[in-house]
1. Hey, any hits in segment 64-73 for a residue that's without any contact (Cβ under 8 Å) to a residue 24 or more places away in the chain and among the β-branched types (Val, Ile, Thr)?
2. Just give me the residues in segment 50-63 being within 20 Å of ALA103 (Cβ to Cβ) and either surrounded by fewer than 21 Cβ atoms within 10 Å (Cβ to Cβ) or touching a Lys or Arg at 6+ places or on another chain (Cβ under 6 Å) (or both), in sequence order.
3. Looking only at residues in segment 104-134 that are within 16 Å of SER63 (Cα to Cα) and among the small types (Gly, Ala, Ser), which one is farthest from the chain's Cα centre (by Cα)?
4. From the list SER89, SER79, SER160, which one is of a type outside the set (Lys, Arg), surrounded by 16 or more Cβ atoms within 10 Å (Cβ to Cβ) and on the phi < 0 side of the Ramachandran plot?
5. Filter segment 14-48 down to the residues that are among the small types (Gly, Ala, Ser) and within 14 Å of the chain's Cα centre (by Cα), then identify the one that is nearest to LEU65 (Cα to Cα).
6. When you go through MET127, MET121 one by one, which is the residue that is in a loop (DSSP other than H, G, I, E, B), over 27 Å from GLY4 (Cβ atoms) and of a type in the set (A, V, I, L, M)?
7. Go through segment 163-180 residue by residue and tally those that are among the aliphatic types (A, V, I, L, M) and either more than 30 Å from LEU2 (Cα to Cα) or loosely packed, with under 12 Cβ neighbours inside 10 Å (or both).
Amino acid sequence: MLVGVFANAGIGGANDYHEDASLDRWDEIIRANVTGVYVTMNTAYPYLKAAKSDITHAVVTSSVLARFGVPGQSAYVASKTALLGLVRSWAVEWGNDGILVNAVCPGWVETDMARDSIQRMADAQGMTYEQCHAQQCAFLPTGRMSQPEDVADFVAWLMSSEQRGITGQGLDLNNGSWMS
């Protein structure tokens, strides 16, 4: 029997600091991306621990942006970087209970969130969406963005019975936008 939890919720977008705190998205982004994952994982922990399985899996979605800074995205970058710290801590804390904890760090994925971000970039640069999308793909060694199915397949393997030894890692799935 396979047992696991996948905390895949999150929000993105700019959070530029504003003197008018009601316009600053820091709290909203941190609450969704860090606190939401923290609560989900800690709620799942007793069930994972009690599972009648040799190994259970806990996976969170971080981001390639946890690897480098991006102007105007400080809350998002900080939130996704925080998840890597949580994953390392949980891997150590929960390892004796047979729970493997990892993060997936996708780059561009063809989703509504990516489309919104590319559109904002295009607008800021006076480009069309198509031009900006092509520009972003040109930065990638593979020349393409991931499809949601690419990420889903990777997570399915990461949470499978075949994966029995990877824990505490941020695993990059980003078409080469970050290579460590």
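All of the numbers you see were taken from the coordinates with simple rules; none came from a lab. Because the structure is predicted, anything quoted here is derived from the model rather than measured. Please note: Cβ atoms are built from the backbone with ideal geometry, for glycine as well, and neighbour counts cover all protein chains shown.
1. Filtering segment 64-73 for residues without any contact (Cβ under 8 Å) to a residue 24 or more places away in the chain gives 65, 69-71.
When the remaining residues are screened for being among the β-branched types (Val, Ile, Thr), the result is 70.
Checked against the condition, which is being without any contact (Cβ under 8 Å) to a residue 24 or more places away in the chain and among the β-branched types (Val, Ile, Thr), segment 64-73 yields at least one hit.
2. Scanning segment 50-63 gives ILE55, THR61, SER62, SER63.
3. So the residue we want is SER117.
4. Step by step, each of SER89, SER79, SER160 is checked, and only SER79 is of a type outside the set (Lys, Arg), surrounded by 16 or more Cβ atoms within 10 Å (Cβ to Cβ) and on the phi < 0 side of the Ramachandran plot.
5. Filtering segment 14-48 down to residues among the small types (Gly, Ala, Ser) leaves 14, 21-22, 32, 36, 44.
Those still in the list that are within 14 Å of the chain's Cα centre (by Cα) too: 32, 36.
On the way: ALA32: 16, GLY36: 18 Å.
Residue satisfying both the conditions and the ranking: ALA32.
6. Matching residue, one of MET127, MET121: MET127.
7. Number of matching residues: 1.
The rows are residues; the columns are (1) among the β-branched types (Val, Ile, Thr); (2) within 15 Å of the chain's Cα centre (by Cα); (3) more than 13 Å from ALA58 (Cα to Cα).
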{"site": "SER146", "(1), (2), (3)": "no, yes, yes"}
{"site": "VAL151", "(1), (2), (3)": "yes, yes, yes"}
{"site": "PHE154", "(1), (2), (3)": "no, yes, yes"}
{"site": "LEU158", "(1), (2), (3)": "no, yes, no"}
{"site": "GLU162", "(1), (2), (3)": "no, no, yes"}
{"site": "ASP172", "(1), (2), (3)": "no, yes, yes"}
{"site": "SER177", "(1), (2), (3)": "no, yes, yes"}
